[in-house]
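Worksheet: one structure, shown below.
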Amino acid sequence: DKLMRSVQIALRKRPVEPERIERMVSGIVRRLESLGESEIKSETVGKLIMEALKALDDVAYVRFASVYKNFREAKDFEELIGELASDEGESEAT
(Lines give C-alpha, C1' and ligand atoms only; values in the text may rest on other atoms or scores of the structure.)
Protein backbone atom coordinates (compact mmCIF):
# COMPACT_ATOMS: atom_id res chain seq x y z
CA ASP A 1 0.00 0.00 0.00
CA LYS A 2 2.80 2.42 0.90
CA LEU A 3 4.56 1.65 -2.38
CA MET A 4 1.38 2.28 -4.38
CA ARG A 5 0.71 5.57 -2.53
CA SER A 6 4.24 6.83 -3.21
CA VAL A 7 3.96 6.00 -6.89
CA GLN A 8 0.49 7.55 -7.18
CA ILE A 9 1.75 10.78 -5.60
CA ALA A 10 4.59 10.97 -8.11
CA LEU A 11 2.17 10.26 -10.97
CA ARG A 12 -0.57 12.65 -9.80
CA LYS A 13 -2.10 14.51 -12.77
CA ARG A 14 0.13 12.64 -15.24
CA PRO A 15 -1.34 10.98 -18.35
CA VAL A 16 -0.59 7.41 -17.27
CA GLU A 17 -3.29 4.74 -17.31
CA PRO A 18 -4.09 3.15 -13.93
CA GLU A 19 -3.45 -0.31 -15.41
CA ARG A 20 0.12 0.64 -16.25
CA ILE A 21 0.65 1.91 -12.71
CA GLU A 22 -0.73 -1.33 -11.24
CA ARG A 23 1.50 -3.42 -13.53
CA MET A 24 4.53 -1.38 -12.56
CA VAL A 25 3.83 -1.71 -8.82
CA SER A 26 3.11 -5.44 -9.18
CA GLY A 27 6.41 -5.87 -11.01
CA ILE A 28 8.30 -4.08 -8.26
CA VAL A 29 6.58 -6.20 -5.59
CA ARG A 30 7.47 -9.40 -7.50
CA ARG A 31 11.10 -8.31 -7.77
CA LEU A 32 11.21 -7.56 -4.04
CA GLU A 33 9.59 -10.89 -3.19
CA SER A 34 12.04 -12.72 -5.43
CA LEU A 35 14.89 -11.43 -3.25
CA GLY A 36 13.63 -13.85 -0.61
CA GLU A 37 14.54 -11.57 2.27
CA SER A 38 12.28 -10.83 5.24
CA GLU A 39 13.64 -7.28 5.46
CA ILE A 40 14.48 -5.11 2.48
CA LYS A 41 16.38 -1.85 2.70
CA SER A 42 14.48 1.27 1.74
CA GLU A 43 17.33 2.09 -0.68
CA THR A 44 16.55 -1.09 -2.62
CA VAL A 45 12.87 -0.21 -2.84
CA GLY A 46 13.67 3.38 -3.83
CA LYS A 47 16.03 2.30 -6.60
CA LEU A 48 13.46 -0.09 -8.05
CA ILE A 49 10.78 2.60 -8.00
CA MET A 50 13.10 5.10 -9.65
CA GLU A 51 14.01 2.63 -12.42
CA ALA A 52 10.34 1.89 -13.08
CA LEU A 53 9.26 5.54 -13.04
CA LYS A 54 12.10 6.54 -15.33
CA ALA A 55 10.77 4.10 -17.92
CA LEU A 56 7.16 5.16 -17.36
CA ASP A 57 7.10 8.96 -17.00
CA ASP A 58 9.96 11.45 -16.77
CA VAL A 59 8.03 14.01 -14.72
CA ALA A 60 6.99 11.42 -12.14
CA TYR A 61 10.59 10.20 -12.04
CA VAL A 62 11.84 13.71 -11.24
CA ARG A 63 9.10 14.23 -8.64
CA PHE A 64 9.93 10.98 -6.87
CA ALA A 65 13.67 11.57 -7.10
CA SER A 66 13.34 15.04 -5.58
CA VAL A 67 11.84 13.53 -2.43
CA TYR A 68 13.84 10.29 -2.42
CA LYS A 69 17.16 12.06 -2.89
CA ASN A 70 16.13 15.01 -0.70
CA PHE A 71 16.80 17.76 -3.24
CA ARG A 72 17.62 21.07 -1.60
CA GLU A 73 18.62 23.33 -4.49
CA ALA A 74 17.64 23.98 -8.09
CA LYS A 75 20.97 22.55 -9.24
CA ASP A 76 19.89 19.16 -7.87
CA PHE A 77 17.00 19.21 -10.36
CA GLU A 78 19.28 20.46 -13.13
CA GLU A 79 21.69 17.57 -12.61
CA LEU A 80 18.92 14.96 -12.67
CA ILE A 81 17.31 16.47 -15.76
CA GLY A 82 20.73 16.58 -17.41
CA GLU A 83 21.10 12.84 -16.72
CA LEU A 84 17.65 12.21 -18.21
CA ALA A 85 18.52 14.20 -21.31
CA SER A 86 21.79 12.34 -21.82
CA ASP A 87 20.05 8.97 -21.29
CA GLU A 88 17.44 9.89 -23.92
CA GLY A 89 20.17 11.00 -26.30
CA GLU A 90 21.92 7.65 -25.89
CA SER A 91 18.74 5.65 -26.45
CA GLU A 92 17.90 7.64 -29.59
CA ALA A 93 21.40 6.98 -30.96
CA THR A 94 20.93 3.20 -30.72
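General observations
- Just so you know, in segment 4-13 the residues that are under 14 Å from the mean Cα position of the chain (by Cα) and assigned to a loop (DSSP other than H, G, I, E, B) include one that is surrounded by the fewest Cβ atoms within 10 Å (Cβ to Cβ), and it is Arg12.
- Among the residues making up segment 28-54, those that are open to solvent by less than 90 Å² (accessible area, probe 1.4 Å) and within 26 Å of Ser86 (Cα to Cα) are Ile28, Thr44, Val45, Gly46, Leu48, Ile49, Met50, Ala52, Leu53, Lys54.
- Any chance Ser6 is modelled with pLDDT of 90 or more and of a type in the set (Ser, Thr, Tyr): yes
- Residues in segment 55-83 that are of a type outside the set (Phe, Trp, Tyr), over 16 Å from Leu11 (Cα atoms), assigned to a loop (DSSP other than H, G, I, E, B) and open to solvent by less than 50 Å² (accessible area, probe 1.4 Å): 0 in all.
- Whichever residue in segment 13-44 is of a type in the set (D, E, K, R) and in contact (Cβ under 8 Å) with a residue 24 or more places away in the chain and, among such residues, is nearest to Ala60 (Cα to Cα): Arg14
- Filtering Val16, Val25 for residues that are of a type in the set (A, V, I, L, M, F, W, C), open to solvent by less than 30 Å² (accessible area, probe 1.4 Å) and part of a loop (DSSP other than H, G, I, E, B) leaves a single hit, Val16.
The values are calculated or read from the model by the stated rules, or taken from the named source; none is laboratory data. Since this is a predicted model, take the numbers as computed values, not measurements. Quick reminder, even Gly has a Cβ in these numbers, built from the backbone with ideal geometry, and neighbours come from all protein chains shown. These accessible areas exclude ligands, DNA and RNA; they are computed on the full protein's heavy atoms, side chains included. Shrake-Rupley method; radii C 1.70, N 1.55, O 1.52, S 1.80 Å.
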